[in-house]
Amino acid sequence: MKKIIIILLALLVAGIVLSAQEITGLQIVENVYNRPTGNDQTADLTMSLVNSRGDERVRIISQFLKDFGDLEKKIMFFVSPADVYNTSFMNWSYDEVGKDDDQWIYLPAMKRVKRISSDSKSDYFMGSDFTYDDLGDRHPSADVHKLLREEEIDGEMCYVVESNPKEEEYIYSKTITWIMKDNWIGKKKEFYDEDDELLKTLTVKESVTFDEVIIITLSQMHNVQSDHKTIMKLENVEIDTGVADNKFTERMMKRGM
């Protein structure tokens, strides 16, 4: 009898330890947010816009990113076609809790840099299915995260996490993300509109690895309500090449590459 009691106590303690080690939705999202990205990154980005009839528009972009510690800066220069040539976009993402991204766009026809206001972050970027908000880096503390389940997708075991915004007027009522357990990459993400209806789905299709740094090289955002797609393909990716600090300024936005 004593042996049985000891075994039961051991199982109880083991169960308590296991329960204490269970990961939370917030911890999963924090692991995604803190995933290594390198000191800097350069790449050529092809953005393909495909409508419901299958008509395609292609835009070529040169992209630069740099990590400044508690601040990450990104700048994009449109190379072609001619109607968007020399357009540029810049995003600064902060690690500080509660601090929103700063964003700017330069339109050559207007010959001035325009700051993206908080009211405009729900607007779609250059005809794509990505809003300005999507192009930023949302801090984990901005949402309440709930681990729904574990699920296999395309042969990868994923945590499925539902994220509900703390702010009442956020552009999405919630998002659901499939996050790969072995590398903290979001494999798939669903965005729901204010009526809690599925609006669009982001799918990651390909990635490359530089040492411990994983770069997503092919992804697709599909607006299921309009049946419009945006395909993002990164090529000629390089990391830690020493991108200059002054690359990320309004002056450079006007000057171009």
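Just so you know, all these numbers are worked out from the coordinates, no wet-lab data involved. Remember, it's a predicted structure, so these values are computed and weren't measured experimentally. Backbone-built Cβ (ideal geometry, glycine too); neighbour counts: all protein chains shown.
Tabulated values for the structure
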quantity: Rule-of-thumb Rg ratio for the range 168-236 [Cα; 2.2 N^0.38 Å; N residues]; calculated: 1.26
quantity: Label zone at Asn183, where the point sits 7 Å out along the Cα-to-Cβ direction: the range 23-50 residues whose backbone N lies under 16 Å; calculated: 32-38
quantity: Mean Cβ neighbour count within 10 Å, used as a protection proxy, ranking 40-47, 86-93, 62-69 highest first; calculated: 86-93, 40-47, 62-69
quantity: Eligible lysines near Lys181 by straight Cα distance, threshold 25 Å, same-chain separation 8 or greater; calculated: Lys146, Lys189, Lys200, Lys205, Lys233
quantity: Cα extents of the range 25-255 along the three principal axes, largest first (Å); calculated: 49, 41, 34
quantity: Modelled FRET efficiency - R0 22 Å, Ile60 with Val208, Cβ distances, 0.05 increments; calculated: 0.70
quantity: Approximate spin-label separation Gln225-Asp240, in nm, with each point projected 7 Å along Cα-to-Cβ; calculated: 4.4
quantity: Cα-based Rg and Dmax for the range 87-164, where Dmax is the largest Cα-Cα distance (Å); calculated: 16.5, 50
quantity: Eligible aspartates and glutamates near Lys254 by straight Cα distance, threshold 14 Å, same-chain separation 8 or greater; calculated: none
quantity: Reach of Lys99 by Cα under 22 Å, taken over lysines that are not fewer than 8 positions away in the same chain; calculated: Lys66, Lys73, Lys74, Lys114, Lys121, Lys166, Lys174
quantity: Selected from Asp137, Asp195, Asp102 as most flexible by GNM, with the chain as the system and alpha-carbon contacts under 10 Å; calculated: Asp195
quantity: Sparse-neighbour loop sites [trypsin sites (Lys or Arg not before Pro); the range 117-206; at most 11 other C-beta within 10 Å; DSSP]; calculated: Lys166
